[in-house]
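Following: one structure in structure tokens, then a few remarks.
Nothing in this text is a laboratory measurement; each read-out follows from the coordinates by a stated rule. Everything numeric here is computed off the predicted structure, so don't read it as measured data. Cβ: placed from backbone, ideal geometry, glycine included. Neighbour counts: every protein chain shown.
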Amino acid sequence: MKKLTLSIREDLAERAKARSRRLGSLSRVVEDFLESIDGEGLADALCRELGLDCAEPLTTPGEIVAQRPRALGPPAATLVAEMRRGRAGRL
């Protein structure tokens, strides 16, 4: 376990402590929250729960963008603008 120091408002800390007593501990509540915002950790937990072999690391959004094939023609915005001009001319 790694210790973590948080700086939060005193009133919030007191409410969090009181509420977390029903849920186990404040450390557990914070850990659950951090896991919920950690996409890779969430995916790992889901894989374990579903009994799936998810040994491959997750692909990051940046990797997805980098792996997309490049368009061969003009940008889509250019094509759409041309189509709109053509339609406006026919109206």
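Computed over the alpha carbons of the chain, Rg followed by Dmax gives 24.6, 70 Å.
Charge tally around Arg22: other residues with Cβ under 14 Å, Lys/Arg +1 each, Asp/Glu -1 each, net +4.
Spatially, the stretch 41-77 and the stretch 1-21 are offset by 34 Å when compared through their Cα centroids.
Legend: P(r) of the stretch 43-87 from all alpha carbon pair distances, 5 Å bins from 0, whole percents, reading 5, 16, 12, 11, 12, 10, 8, 8, 9, 6, 4. Treating r as the C-beta distance of Ala43 and Lys17 and R0 as 25 Å, the FRET efficiency rounds to 0.25.
Counted by Cβ distance under 13 Å from Cys47, the other residues give a net charge of -4, where Lys and Arg count +1 and Asp and Glu count -1.
The residues neighbouring Leu34, those whose beta-carbon lies less than 13 Å from its own, together hold a net charge of -3 under the Lys/Arg +1, Asp/Glu -1 convention. Under the convention that each Lys and Arg Cβ holds +1 and each Asp and Glu Cβ holds -1, the size of the dipole of the chain around its Cα centre is about 640 debye. Just checking the listed ones, Gly73, Gly39, Gly24: in the Gaussian network model of the chain with Cα springs under 10 Å, the one fluctuating most is Gly73. Here is how the number arises for the chain: DSSP H runs of 4 or more residues each give -39500 (n - 2.57), the sum is divided by the residue count, and the result at 222 nm is -20000 deg cm²/dmol.
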